[in-house]
Amino acid sequence: MAKIFLVDDEPNIIKVLSQILQDEEHIIFSASNGTEALEFLKKNEPDLIFLDVWLPDADGLQLLETIKKEKPDIAVIMISGHGSIDIAVKSTKIGAYDFLEKPPSLERVVTVVNNALESVRLRRENLKLRKESRFDDEMIGKSALMEEIREIIDKAAATNARVFITGKNGTGKELIAKAIYRKSKRSDKPFIKVNCAAIPDELIESELFGHEKGAFTGAVARRIGKFEQADGGTLFLDEICDMSASAQAKVLRVLQEQELERVGGTETIKVDVRIISATNIDVKKAVEKNEFREDLYYRLNVIPIHIPSLSERKDDIPDLVCYFMKKFSEEHGIVEKRISSGGMDFLSHYTWPGNIRELKNLMERASIMIPSDEIGADDLKKYIEANESYQEIYMTDKSSLKLAKEDFEKKYIESALEKNKGNITLTAKDIGIERTNLHRKIKQYNIENSGYSDDE
């Protein structure tokens, strides 16, 4: 849902656009002239503006220039019944996101609005990233391993070299990528993330490189891909080893040539993008099995960063625990809890298969659910995910690590689903994976899925 401001002197255009956008659950405001528009913008900050080129009391292009000077973060789509290439070019140069001719089609409006709002979201997210002054959760800790990672981050950030991050789920690969971005010379440009594991193979190329109208069924308008969105900035390719062979080949070409073609297009587009990649699998084994291109791997792996699991940096657990308890006290407006010496001993000896993400979830749960100011070992055992299966798997059966991990993961997911009353969306968010990945694991482990829903 977004706030959209329509500026046009034709009531029918306002009516048509309002109906289309309200059906998409957006909040609509409108004005019929430039004076009304400026008065509205003095007191309000919409996410998106539709602005007519020809207004009874104002030149739309001049009004666009004023808006972009005073409120540069608002996306503006110019509309006109007498459009021309010259006007469209001028609009773009001033800062318009796009240009539509009247009467605009439903499909065209919906597509342009979705793309514009995504651009606004990314711009705001990047602004938030640039304003952050401290490292995120996973960067907390004084262990030798974390100090080494900080040194690598500083060295990597000072260059445009490609970075390849490896580590298990929940160790904080994305946050390392963001730390490099924030400290780099590209911090004033976009930071674009692509979760390669969450995108179907048939859509990954369109997502990365964009597509032209009519390139395939459903391509009702041109779409700008992630590489173009990240031009001048940083593109984070998370879980890159899940990328299809065809997409790998095209990514390699972009890295070699610094240019791309949209799906279904013939135009060559130059891009300047810094690539940071990440995976949770053994990429060298993937290369040996021909599951990942060797030439692409060596192109990406200029500066390698391996993030240790929490079990490898247990010296950092006390600092992390203190940080989380303070964090959740502030977020939820509750008294900051203390962990007893016995509780801290329990946390230090637990194996943390879910890494820092699991510790974070446990601390939030304990902060909210445990009434006493001091939290002990017995309290924590009650709230740790699948604690019973942990005892069974990790303390007694060590004959097959692979099977033990799979068994634990199945029970972990079942426990999380039960906690969230079968809600797929909430469960995926709770355990830190994409919904598509959760669906895949439910199928993989034959988890009973009756009564599950994707509703928020």
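Taking segment 337-356 as the range and being more than 30 Å from A161 (Cβ to Cβ) and either buried (at least 17 other Cβ atoms within 10 Å of the Cβ) or under 30 Å from the mean Cα position of the chain (by Cα) (or both) as the test, the residues that pass are K337, I339, G343, M344, F346, L347, Y350, T351, W352, P353, G354.
Residue-wise test of (1) in contact with a Leu (Cβ under 9 Å, 6 or more places away or on another chain); (2) aliphatic (A, V, I, L, M); (3) surrounded by 18 or more Cβ atoms within 10 Å (Cβ to Cβ); (4) at positive phi.
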position: L145; (1), (2), (3), (4): no, yes, no, no
position: E151; (1), (2), (3), (4): no, no, no, no
position: A156; (1), (2), (3), (4): no, yes, yes, no
position: V163; (1), (2), (3), (4): yes, yes, yes, no
position: G167; (1), (2), (3), (4): no, no, yes, yes
position: K173; (1), (2), (3), (4): no, no, yes, no
position: A177; (1), (2), (3), (4): no, yes, yes, no
position: F191; (1), (2), (3), (4): yes, no, yes, no
position: C196; (1), (2), (3), (4): yes, no, yes, no
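Just one residue in the set R253, R274 is among the basic types (K, R) and crowded, with 17+ Cβ neighbours inside 10 Å; that residue is R274. Residue count for segment 61-108 under the criterion of being among the hydroxyl-bearing types (S, T, Y), under 29 Å from the mean Cα position of the chain (by Cα) and buried (at least 18 other Cβ atoms within 10 Å of the Cβ): the result is 1.
Against the conditions (1) more than 17 Å from the chain's Cα centre (by Cα); (2) closer than 26 Å to K270 by Cβ; (3) among the charged types (D, E, K, R); (4) in a helix (DSSP H, G or I), K185 satisfies every one except (4). Within segment 59-78, the residues that satisfy the criterion of being acidic (D, E) and either assigned to a helix (DSSP H, G or I) or not assigned by TED's automatic domain parsing to the domain that holds L38 (or both) are E65, E70. Of the residues screened, I13 is one that is in the same structural domain as L122 (by TED's automatic domain parsing), surrounded by 16 or more Cβ atoms within 10 Å (Cβ to Cβ) and not in a strand (DSSP E or B). Please tell me if K42 is in a helix (DSSP H, G or I), over 26 Å from the mean Cα position of the chain (by Cα) and more than 16 Å from F5 (Cα to Cα). Considered against the rule, which asks whether it is in a helix (DSSP H, G or I), over 26 Å from the mean Cα position of the chain (by Cα) and more than 16 Å from F5 (Cα to Cα), K42 comes out as no. When the criteria are applied in full, P190 fails the requirement of being assigned by TED's automatic domain parsing to the domain that holds V251, within 22 Å of the chain's Cα centre (by Cα) and modelled with pLDDT under 85.
Going by what's in this entry, would F50 be described as surrounded by 12 or more Cβ atoms within 10 Å (Cβ to Cβ), free of Cβ contacts under 8 Å to residues at least 40 places away in the same chain and not polar (S, T, N, Q)? Answer is no for this residue.
Scanning segment 201-250 for residues that are under 21 Å from T436 (Cβ atoms), surrounded by fewer than 16 Cβ atoms within 10 Å (Cβ to Cβ) and among the aliphatic types (A, V, I, L, M) gives L203, A245.
Assess whether A58 counts as being more than 22 Å from E107 (Cα to Cα), surrounded by 13 or more Cβ atoms within 10 Å (Cβ to Cβ) and in contact with a strand residue (DSSP E or B) (Cβ under 7 Å, 6 or more places away or on another chain). The answer is no for A58.
The values are calculated or read from the model by the stated rules, or taken from the named source; none is laboratory data. Small disclaimer: the values here were computed from a predicted structure and weren't measured. Ideal geometry is used to build each Cβ from the backbone, glycine not excepted, and the neighbour counts take in all protein chains shown.
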